[in-house]
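The values are calculated or read from the model by the stated rules, or taken from the named source; none is laboratory data. All values derive from a computational prediction rather than experimental measurement. So basically every Cβ, Gly included, is an ideal-geometry build from the backbone, and we count neighbours across all protein chains shown.
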Amino acid sequence: MADDLSITSNAAPVAGAEFAVVRELGDRFGSDQLVFQPTKDGVPTLWVPRSLIRDVLRFLKQVPKPYSMLYDLSAVDERLRKHRYGLPPADYTVFYHLLSIERNSDVRIKVALSADDLSIPTVTPVFANANWYEREIIDLFGIDFPGHPQPFRLLMPRTWVGHPLRKDYPARATEFDPFQLTALRQDQEQEALRFNPDEWGMKKGNDESDFMFLNLGPNHPSAHGAFRIVLQLDGEEILDCVPDIGYHHRGAEKMAERQTWHSFIPYTDRIDYLGGVMNNMPYVLAVEQLAGIQVPARVQTIRVMMSEFFRITSHLLFLGTYIQDFGGMTPIFFMFSDRKKAYDVIEAVTGFRMHPAWFRIGGVAHDLPQGWERLVREFLAWMPKRLKEYEKAAMRNSVLKNRAIDIAKYSAAEAIEWGVTGPGLRATGVDFDLRKARPYSGYENFEFEVPLAHNGDAYDRGMVRIEEMRQSLRIIQQCVDNMPAGPFKADHPLSVPPPKDRTLQDIETLIHHFTSVSWGPVMPEGEASIMVEATKGINSYYLTSDKNTMSYRTRIRTPSFAHLQQIPSVIRGAMIPDLIAYLASIDFVMADVDR
């Protein structure tokens with residue numbers, strides 16, 4: 001029944017079991033075909049020949065306890081990288097990150113390419129969600145994928161010249177010629193936006209009627225941001241659709257190549273701009289992994305507490321707009337009022353509301369202020385009864401239930417095929433929450449449960465998030481009751497700068513402070529990645545350090561990107577109001593999609 005929620009927990013991974021995949025691949029393809037690469041994140045990483053990539057991925061998808069999810073797919077321009085230490089020669093690298101829920105482990109497959117032969121077979125016949133990831137690589141790196149069904153740019157306009165994530169592409173606006181928009185160029189840009197159904201294999205009609213092609217967005221309230229989706233309609237029935245993204249693309253990964261490790265932290269806030277410090281978490285954890293920094297217990301607990309506050313604020317905004325898209329106008333005002341109460345606590349602790357950029361490499365910006373405990377306890381006393389009212393007045397409302405139950409349903413297998421994570425995956429009954437499955441920042445020390453539903457429809461996705469807020473309150477309560485004493489930053493030379501008063505005591509501390517502030521720490525060479533259970537699903541940063549003051553390559557994998565790619569497979573055959581309900585239940589942010 002759609003109303004039912006069950007709660008279970010996930011087992012911890014077996015130590016060393018994740019490397020069984022290396023033996024399996026060696027037995028199947030021969031050890032001479034594989035090159036193993038040690039990484040600081042411990043993810044089994046193997047280089048394979050280009051000719052074997054489809055066979056390797058297909059094998060991994062079919063083994064017992066398969067690697068069923070293509071979690072991420074991107075590329076690296078290796079041409080300026082100096083510290084490669086025995087890796088296969090490569091001008092460019094394409095990497096595939098696969099995830100197995102059954103094994104609770106990952107594997108990373110890499111393919112080396114030379115600059116004079118930038119081509120690799122498409123893997124869309126193996127993983128459906130490879131489509132957008134490959135288009136992103138075509139767009140930003142200029143690597144070809146023969147056999148790809150729509151080899152067009154994804155994030156940049158069709159008229160764009162060059163490939164922005166190549167190392168020889170300018171990283172600053174001052175390196176470009178002045179922009180001029182002539183009348184001719186404006187006409188060309190407008191023409192490039194024209195939708196051509198033939199490119200997407202869409203018919204313009206049948207023997208009985210012509211089909212209508214309707215632009216929903218990029219400026220429409222139900223699109224939830226600068227997002228266009230082109231609908232192929234027979235009357236009000238959606239025959240097919242094409243999501244069109246990129247209107248919010250700012251080049252966050254490119255900006256990471258010219259920001260120091262510290263100064264990039266505020267940029268992470270602006271990815272999922274409703275996630276706040278939740279976005280800082282995977283980035284600082286990945287940098288700490290590179291540097292070998294162990295943070296104090298107090299830092300871990302503070303980070304967990306503030307992350308769960310932002311989970312609540314994000315879910316409250318989701319719930320208000322979700323109900324509004326179903327026609328309920330009043331609840332959003334109450335939910336925004338409660339969201340403001342949470343932001344009052346966040347502001348009192350961090351000094352800011354939506355974008356605190358408060359986490360630091362090795363700690364947090366400052367210790368908890370006086371009076372923080374009273375404010376948090378007041379919020380904990382206020383919020384539970386509000387959630388009960390929302391569930392009773394809105395989620396149990398017969399109109400909303402009739403419009404949401406059995407709408408935009410997808411199965412667990414479909415969710416995994418499209419890379420869906422977070423509440424959207426758990427609404428199909430899949431018990432996978434990283435806070436339980438792969439605890440980070442001390443989550444293993446907290447008692448909480450993983451909300452599940454089983455129908456996988458628009459209603460269940462809303463109900464799961466309500467229960468997630470209750471579990472967040474439960475975690476925050478434990479943080480307040482058991483806040484450890486101790487420092488709010490790690491005592492490590494690559495961490496945050498030392499206290500100012502210590503710089504007056506010895507020259508080494510003064511030099512450390514000066515270099516940290518002037519150009520930032522030099523991180524050891526290597527690769528590291530961290531996944532976190534963010535507000536909208538799994539978010540991760542995959543960092544490559546070339547022993548410099550800034551990242552050589554920062555790959556940001558966001559949940560909303562995968563969730564929007566799934567839209568056509570779910571909504572075909574439905575009605576336009578069902579699409580609005582589906583968009584409402586996804587809980588996406590376009591900055592999280594486009595980066």
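Descriptive notes on the structure:
- Those residues of segment 501-524 which are in contact with a helix residue (DSSP H, G or I) (Cβ under 7 Å, 6 or more places away or on another chain) and β-branched (Val, Ile, Thr), in sequence order: Thr503, Thr509
- Counting only residues that are of a type in the set (A, V, I, L, M) and either in the same structural domain as Thr544 (by TED's automatic domain parsing) or in contact (Cβ under 8 Å) with a residue 60 or more places away in the chain (or both), segment 35-88 holds 11 of them.
- For segment 221-241, filtered to residues that are in a loop (DSSP other than H, G, I, E, B) and within 24 Å of the chain's Cα centre (by Cα), the residue that is nearest to Asp578 (Cα to Cα) is His224.
- The helices (runs of 4 or more DSSP H) found entirely in segment 391-464 that carry 2 or more residues being within 23 Å of Val532 (Cβ to Cβ) and at pLDDT 90 or above are 412-417, 423-426, 434-437.
- Being charged (D, E, K, R), assigned by TED's automatic domain parsing to the domain that holds Tyr443, surrounded by fewer than 20 Cβ atoms within 10 Å (Cβ to Cβ) and modelled with pLDDT of 90 or more is a description that applies to Glu525.
- Residue check, Arg557 surrounded by fewer than 23 Cβ atoms within 10 Å (Cβ to Cβ), of a type outside the set (Gly, Ala, Ser) and modelled with pLDDT of 90 or more: no
- The single residue among Ala453, Ala490 that is within 27 Å of Arg396 (Cα to Cα), over 21 Å from the mean Cα position of the chain (by Cα), crowded, with 18+ Cβ neighbours inside 10 Å and of a type in the set (A, V, I, L, M, F, W, C) turns out to be Ala453.
- For segment 101-148, a residue qualifies if it is under 30 Å from Val430 (Cα atoms) and free of Cβ contacts under 8 Å to residues at least 60 places away in the same chain, and the qualifying residues are Glu102, Thr122, Thr124, Arg135.
- Residue pairs whose Cβ atoms lie under 9 Å apart, separated by 6 or more positions or on different chains, with the first residue in segment 419-440 and not assigned by TED's automatic domain parsing to the domain that holds Glu308 and surrounded by fewer than 24 Cβ atoms within 10 Å (Cβ to Cβ) and the second part of a helix (DSSP H, G or I) and at pLDDT 90 or above, do not occur.
- Pairs with Cβ under 6 Å, 6+ apart, first in segment 171-183 and more than 12 Å from Arg258 (Cβ to Cβ), second surrounded by 10 or more Cβ atoms within 10 Å (Cβ to Cβ): Phe176/Pro170
- Checking each residue in segment 94-119 for being farther than 24 Å from Val532 by Cβ and surrounded by fewer than 22 Cβ atoms within 10 Å (Cβ to Cβ) picks out Ala112, Leu113, Ser114, Ala115, Asp116, Asp117, Leu118, Ser119.
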